[in-house]
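Asks: This is the structure, below, for whatever I ask next.
Derivation of every value follows stated rules applied to the coordinates shown; laboratory data play no part. These numbers were taken from a predicted model, which means no experiment stands behind them. A quick note on method: Cβ atoms are made from the backbone with ideal geometry, for glycine too, and the neighbour counts reach across all protein chains shown.
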Amino acid sequence: MCGLNIVMMVTSLNYNNQYSQIVTNITMANSINGSFRTNIDSAMWDIVAGKKNFEDGQQHKIIKNANECIYNIKQNVTSQEDKMRLDVILRTIKTLNYYVDVMGKQIEQKKKVAENEKVLEDIRGVSDLIEEEIQEFILYELKASEKVNQQIQKGFNSWVATNIIVLCIIVLFSIAAIWIISGSISNPIRELCKSTTSISEGNFDVRVQSKNYDEIATLSNSFNKMVVKIKELLDNSIKEQELIKKSELKVLQAQINPHFLYNTLDTIVWMADSNQNEEVIEIVTALSSFFRITLSKGNDWITVREEVKHINSYLIIQKIRYSDILNFEIQVDEAIYDCKILKLTLQPIVENALYHGIKNKRMGGIIKVRGSKKNDHIVFEVTDNGIGMTENKVNELVNEMKDTKEAIIKESGFGLNNVHKRIILYYGKEYGVNIQSEFQKGTKLTITIPVCVD
């Protein structure tokens, strides 16, 4: 059945290619049919009437386009008859070009109008002949396409009929084979099904016992080995999932918000044009520090000192860009400066405070970052007096963060949900981000992580 379908498919593709080529030829020929004669006659009349100089006319361009179109069609046809028809059209176009050149010489020699009109009549006659020849070619191609379409339909009908017959034979053979074989294998299969049901309920201690030495026995042995392997895989699945999530986080860490970079570079250009040299030095220095820490030579862990420097560079850049609406304060206890922290823990939170808090307020605001050690924990607080969030929005975010099974979202930036998930992944479920917000008053985010020096 596969071999039969392959043969029919190859035949069908061959006819389909022929049909597509014919349609392409008709389309190309039709693109100049009707317009060619009108265009060339109009162009030549403008020249004879003195409306345009011969050198400024479009006659040669029109002829060249038509000649190229017919030549391209000729390259695509395969039958000798088609090529002969197209050769006739090309020769006629060549004749038309000759008469056009004769017109050009007569105009250059300032011949009488009557002589020019006689050549114009010759040009019109040749252009009419070209259009008739193109129409004949199109009609011939249409007839050829009808024949190919009939062959395609005939082949399709044969394919359907043959497949139905072969399928009926296969069904009858399958029924007979099932009827003969099922009696010898049904009982071992039922036993195997019972075992799979037990495994689906979580019982991985079940084993299939087979007294035979046939294929079912081999299958049973393979099944028992598979159960042992599945149990081993389940024991390792949690660790493997964590490795996968950590790999996803490394990919996320490599992402840099392109809009932030573009906007900062635009600001630098604008300031340079305004001769604000000191501000340019300040923002370029901050941008260099920001990306140096973002890359961190590929390290996932940096010190609190570097993280604070990172958000300070970010806020300096944004302060220059949004000087009319943004102020910030950073107060982090120096006692935790040498503690290790996951890179990009604070910066996404600060970015959210700016774009979803301060900017939406559409008036001046302040972002405050606090950090200190409390017992065995490091606690960061990011507070803004921006637009805040409604109670429903807060509950929605909290529910998203509680769903630890949800995959890391690969977006241009981490976002609150991703920061919370990566903290849980690396530190444990007792750590993470806590939200406090009140609409029109502001938002306070608390990040809790363990103290980690090494």
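Asks: Could you tell me the calculated FRET efficiency between W301 and K373, based on Cβ-Cβ distance and R0 = 22 angstrom, to the nearest 0.05?
Replies: 0.80
Asks: Relative to the present Cα-Cα distance, how much length would full extension add between V269 and A176 at 0.36 nm per residue of separation?
Replies: Length gained, V269 through A176: 25.4 nm.
Asks: Nearest 10 degrees, 0 to 90: what angle lies between the long axis of helix 80-108 and the longest principal axis of the chain (Cα atoms)?
Replies: Tilt relative to the chain: about 70 degrees.
Asks: Using a Förster distance of 22 Å, how high is the FRET efficiency between E132 and A49, based on the Cβ-Cβ distance and rounded to 0.05?
Replies: 0.25
Asks: First measure r as the distance between the Cβ atoms of D101 and T38, then evaluate 1/(1 + (r/R0)^6) with R0 = 25 Å and state the FRET efficiency to the nearest 0.05.
Replies: Result of the calculation: an efficiency of 0.75.
Asks: I want to check the label-to-label distance for K94 and V451. Put each point 7 Å from Cα in the C-beta direction and report it in nm to one decimal.
Replies: Here the answer is 9.6 nm between the modelled labels.
Asks: Among I316, V171, N39, whose Cα lies farthest out toward the positive end of the dipole of the chain, if unit charges sit on the beta carbon of Lys, Arg (+1) and Asp, Glu (-1)?
Replies: In the chain, that residue is V171.
Asks: Give the distance, in whole Å, between the Cα centre of the stretch 1-73 and the Cα centre of the stretch 141-162.
Replies: 26
Asks: Further question: Give, in nm to one decimal, the length gained when the segment between N399 and V113 is fully stretched (0.36 nm per residue of separation minus the Cα-Cα distance).
Replies: Result for the pair: 94.0 nm of gain on full extension.
Asks: I would also like to ask the following. Which value in nm describes the separation of the simple spin-label points at T196 and L233, placed 7 Å from the Cα toward the beta carbon?
Replies: Simple spin-label model gives 1.5 nm for this pair.
Asks: If you keep only loop residues by DSSP, which trypsin sites (Lys or Arg not before Pro) in the stretch 38-96 have at most 12 other Cβ atoms within 10 Å of their Cβ?
Replies: K51
Asks: Compute, for the chain, the length of the dipole vector about the Cα centre, with Cβ point charges of +1 (Lys, Arg) and -1 (Asp, Glu) only. Units Debye, rounded to 20.
Replies: Using only the charged Cβ atoms, the result is roughly 700 debye.
Asks: How large is log10 of I(q)/I(0) for the stretch 125-169 at q = 0.21, 0.28, 0.29 Å⁻¹ when the intensity is taken from the Debye formula with one equal scatterer per alpha-carbon?
Replies: -0.72, -0.88, -0.90
Asks: Moving on. Find which of S288, V379, I349 sits farthest along the positive direction of the dipole of the stretch 252-450, computed with +1 on the beta-carbon of Lys and Arg, -1 on that of Asp and Glu, about the Cα centre.
Replies: The residue sitting farthest along the positive end of the dipole is V379.
Asks: With the Cα gyration tensor of the chain in hand, give its eigenvalues times 5 under a square root as the equivalent ellipsoid semi-axes, listed largest first in whole angstrom.
Replies: 71, 52, 17
Asks: What dipole magnitude, in Debye to the nearest 20, does the stretch 1-128 give about its Cα centre under +1 on Lys/Arg Cβ and -1 on Asp/Glu Cβ?
Replies: The calculated dipole for the stretch 1-128 is roughly 140 debye.
Asks: Is it possible to state the helix-based mean residue ellipticity at 222 nm for the chain, with each DSSP H run of 4+ residues giving -39500 (n - 2.57), the sum divided by total residues, to the nearest 500 deg cm²/dmol? What is it?
Replies: Taken over the chain, the calculation gives -23500 deg cm²/dmol.
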